[in-house]
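Participant: After the structure tokens below, expect a handful of questions from me.
What follows is calculated from the coordinates using simple rules that are stated; it is not laboratory data. For clarity, every value in this text was computed on a predicted model and none was experimentally measured. Note that we place each Cβ from the backbone using ideal geometry, even for glycine, and neighbour counts take in every protein chain shown.
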């Protein structure tokens with residue numbers, strides 16, 4: 001799990017560095033995250049729970065279909081976990097706004113202009 005979070009945080013930092021507008025759009029289009037926020041804010045109402053279930057179901061089916069079209073295959077466990085992956089990515093979204101340091105294959109690096117990686121002291 002630590003490697004997964006580190007990888008997605010690093011990718012977030014790189015994408016933020018390349019295109020801030022597109023990166024902002026990623027957060028706005030994360031339906032797994034926003035449907036959960038909607039459910040929590042509404043006090044876990046029946047209607048919001050249905051919306052979240054539908055959004056998560058669409059995410060699972062969409063990811064499974066995309067992987068099938070690409071020929072990479074996606075096991076049932078991975079498909080069912082895809083909304084959770086989106087939640088982790090959603091919570092990691094603000095990291096690049098406050099931190100340019102990351103770890104690349106065991107080496108601390110700092111992400112600079114155009115995603116150039118330079119050694120970091122940390």
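Participant: Once you put a point 7 Å from the Cα of residue 99 and another 7 Å from the Cα of residue 66, both along the Cβ direction, what distance in nm separates them?
Facilitator: For the pair residue 99/residue 66, the computed spacing is 2.5 nm.
Participant: In addition: What is the gain in length, in nm to one decimal, between residue 91 and residue 18 on full extension, counting 0.36 nm per residue of separation less the C-alpha to C-alpha distance?
Facilitator: Between residue 91 and residue 18, full extension yields an extra 24.3 nm.
Participant: Moving on to the next point. When the chain is treated as a GNM, springs tying every alpha-carbon pair under 10 Å, which of 47, 26, 78 comes out with the largest mean-square fluctuation?
Facilitator: The residue with the greatest mean-square fluctuation here is 47.
Participant: Could you state the angle between the C-alpha long axis of helix 2-18 and the longest principal axis of the C-alpha atoms of the chain, as a value from 0 to 90 degrees rounded to the nearest 10?
Facilitator: It is inclined by approximately 70 degrees.
Participant: Each label point is 7 Å from the Cα along the Cα-to-Cβ direction; what then is the distance between the points at residue 3 and residue 116, in nm?
Facilitator: Those two pseudo-labels are separated by 3.1 nm.
Participant: Take the Cβ-Cβ distance between residue 11 and residue 50 as r, set R0 to 35 Å, and report the resulting FRET efficiency rounded to the nearest 0.05.
Facilitator: The pair residue 11/residue 50 has a calculated efficiency of 0.65.
Participant: Additional query: Of the listed values (i) 9.1; (ii) 6.9; (iii) 7.7, grab the one calculated as mean projected area of the Cα convex hull in nm² from the structure here.
Facilitator: Evaluating mean projected area of the Cα convex hull in nm² on these atoms matches (i).
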